[in-house]
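J.: Before we start, here is the structure in question, set down as structure tokens.
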């Protein structure tokens, strides 16, 4: 089920821990959906992320996604780090099973939240969950669209939305609506 | 690397004597229904196996039908009782469209009930208490003049709770309904006497007690007829068509024989080993919850929630140490909902996500349990170090 890279990052996660003098901290997820991720970043005066650590309550995909995410953002400018998509995190892990893609979305949400915290940006409204079965938020869907997903299939492929138990019956129309707003 | 198999509720290793019996019978290929001597030879072995299986549960051989397993047996009873052709159903279930079951049944009961609900059947899924027990009082209150069947499992596969099925069967009969039990997890592991317990129907499965996969049985009280699930030839007294699975049946019969032999000694030993594992975990690891009834529990099952960590992670780390268990966490069921059984006993989502089921079998040893007690605390503490919930809890 899991690639060697996922197993590796799960068995030997990189950058586990807290940063006591962090520049920004982001926490996402909930015990109800079985995944919680917290990320700490240290940013220097040039906006470069010098250190990134994480703590995760979740399955192997969740641990691997957050571990990989902290690896990917180290040494990058925060603007560059923001651009990293969940798909890139999943690809860096040589892919995640479809029903686990939402773990990579959570990781990219966590890093964005940490960067928001550093910049003093307060999330304006509660991130609306659009796909309830997989816990994918409106923001995650919008991000996927901005990064090139132009159809329902594209959004599904990028975020894992509509792959849950109800197979999109509840959220398909809502996602189509969001897509229409971007066209 | 040491290999320790603690997932016997999922399936069990084929007992060496069962394997030998099956290998030795490879040459018995005749169709048991054929009149010539090739057929008669097969027929003899099939009936011998049937007699052993019947003895294991206190039934008459004529009351045991071979099926492909527990799921088929469960489907057979539910669909056979509710066939849209009224004359197909047992007398006594002719009228009425109400079925009573519980919230912790196996999916082959739950999903079949959903199916019959589409056909205008009303199904009540009774709640359970925090130990997973069905309250007979609740069954009493759920009964109506329209109730035709009550189906409550004997032993729950996830948390091991053993239900008071004799009492519940009495209540069903008092109200003119039939009683079925899914005994897939209990046959061969606890003594069963279908007459003494008042069972009308009982499902069982070979691969849960060291027999082969793909074979099981349905016990039906002598005079009860059901609409077949599988129509065709007249095998199994016209209740279940299909050429008899000689090898599977012979394997199942042998497993039944071995289970009867070992019941008095192996089962208490199994219980003792499980209790040792439980005590060992309670001693070594903090912030845990044991799920299931403290005493009325299957002898090999131990379901534990480990706070602050997630089940699939625990499972995979144990797996890399050679230890096989299973989890009620959503992440591993493929859906985002954790086990319906754990939610039904009132566990929070978080505790449900952090649950592990250890299910021991007669082949497990003291050494293996020692090894698990050595590895498990390391796994849990390593995952807790990584968990934001644990650090939050420590901070409080």
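Laboratory data are not the source of any read-out in this text; all were calculated from the coordinates shown. What you see is a predicted model, and the numbers here were worked out from it, not measured in a lab. Methodologically, a virtual Cβ is constructed for each residue, glycine included, from the backbone with ideal geometry; neighbour enumeration extends over all protein chains shown.
J.: Determine, for B:130, B:244, the number of other Cβ atoms within 10 Å of each Cβ, and report the residues in order from fewest to most.
T.: Sorted ascending by nearby Cβ count, the order is B:130, B:244.
J.: With r defined as the distance between the Cβ atoms of residue A:129 and residue B:374 and R0 fixed at 56 Å, what FRET efficiency is calculated, to the nearest 0.05?
T.: It comes to 0.85.
J.: For the protein assembly as shown, what percent of Cα pairs sit more than 30 Å apart?
T.: Summing the P(r) of the protein assembly as shown above 30 Å gives 58 percent of all pairs.
J.: Let me ask something else. How long are the semi-axes of the ellipsoid equivalent to chain B, from square roots of 5 times the Cα gyration tensor eigenvalues, in whole Å, largest first?
T.: The three semi-axes for chain B are 37, 27, 17 Å.
J.: Given labels modelled 7 Å from the Cα in the Cβ direction, how far is it in nm from residue B:85 to residue A:165?
T.: Once both label points are built, they end up 3.6 nm from each other.
J.: Sticking with this structure for a sec: Over the range A:1-123, calculate the relative contact order: mean separation of alpha carbon pairs under 8 Å at least 6 apart, over the residue count, as a percent.
T.: Value for the range A:1-123: 32 percent.
J.: Next up: Figure the gain on full extension for residue B:343 and residue B:222 (residue separation times 0.36 nm, minus the Cα-Cα span) and round it to one decimal in nm.
T.: Value of the extension gain: 39.8 nm.
J.: Given points 7 Å out from each Cα along the Cα-Cβ axis, report the residue B:60 to residue B:382 separation in nanometres with one decimal.
T.: Modelled inter-label distance: 5.9 nm.
J.: So if I take the centroid of the Cα atoms in the range B:62-84 and the same for the range A:18-44, what is the distance between those two points in Å?
T.: Distance between centres, Cα-based: 52 Å.
J.: So what is the diffusion coefficient of the range B:13-85 in µm² per second by Stokes-Einstein at 4 °C and 1.567 mPa s, using a Kirkwood Rh over Cα pairs?
T.: Approximately 90 µm²/s, per Stokes-Einstein.
J.: Give me the inter-chain shielding for B:350-360: mean count of other chain Cβ atoms within 10 Å, whole number please.
T.: On the way: counts 6, 1, 3, 8, 3, 0, 0, 0, 0, 0, 0.
Per residue, the average neighbour count from other chains is 2.
J.: Here's another thing I want to ask about it. Report the residues of the range B:80-111 in range of a label on residue B:174: point 7 Å along Cα→C-beta, backbone N strictly under 19 Å from it.
T.: B:99-102
J.: Taking each residue of B:308-315 in turn, how many C-beta atoms of other protein chains fall within 10 Å of its C-beta, and what is the average?
T.: Going residue by residue through B:308-315 and averaging, the value is 5.
J.: Also: State the extension gain, in nm to one decimal, for the chain segment bounded by residue B:190 and residue B:146, taking 0.36 nm per residue of separation less the distance between their alpha-carbons.
T.: Stretched out fully, the residue B:190 to residue B:146 stretch lengthens by 12.5 nm.
J.: Of the listed peptides A:79-90, B:69-80, what is their order by residue-averaged count of other C-beta atoms within 10 Å, with the highest listed first?
T.: Top of the packing list down: B:69-80, A:79-90.
J.: Same structure, new question: Take the alpha-carbon centre of the range A:98-112, take the same for the range B:192-224, and report the distance between them in whole Å.
T.: The distance from the Cα centre of the range A:98-112 to that of the range B:192-224 comes to 46 Å.
J.: Looking only at other chains, what is the average number of their beta-carbon atoms within 10 angstrom of each beta-carbon in B:379-390?
T.: 4
J.: To continue, here is another question. Where in the range A:137-161 does the label zone of residue A:181 land, with the point 7 angstrom along Cα→C-beta and an amide N cut-off under 14 Å?
T.: The answer is A:137-146.
J.: At R0 = 51 Å, how high is the FRET efficiency between residue B:261 and residue A:71 if r is their beta carbon distance? Nearest 0.05 is fine. Walk me through the numbers on the way to the answer.
T.: Numbers: r = 57 Å, r/R0 = 1.12.
Given R0 = 51 Å and the Cβ-Cβ separation, E is 0.35.
J.: A further question follows. Roughly how many Å is it from the Cα centre of the range B:257-285 to that of the range B:343-374, as a whole number?
T.: Using only Cα atoms to place each centre, the spacing works out to 13 Å.
J.: Hey, another quick one. Just check the range A:1-123 against the gyration tensor rule for me: Cα atoms, a ≥ b ≥ c as the square roots of the eigenvalues, rounded for a/c under 1.5, and otherwise prolate or oblate depending on whether a/b exceeds b/c.
T.: Taking the square roots of the gyration eigenvalues as a ≥ b ≥ c, the range A:1-123 is prolate.
J.: Suppose we keep just the DSSP beta bridges with both residues in the protein assembly as shown; what percent of those would be antiparallel, to 5? Mind showing how you got there, number by number?
T.: Numbers: 40 of 59 bridges.
Beta bridges within the protein assembly as shown, antiparallel portion: roughly 70 percent.
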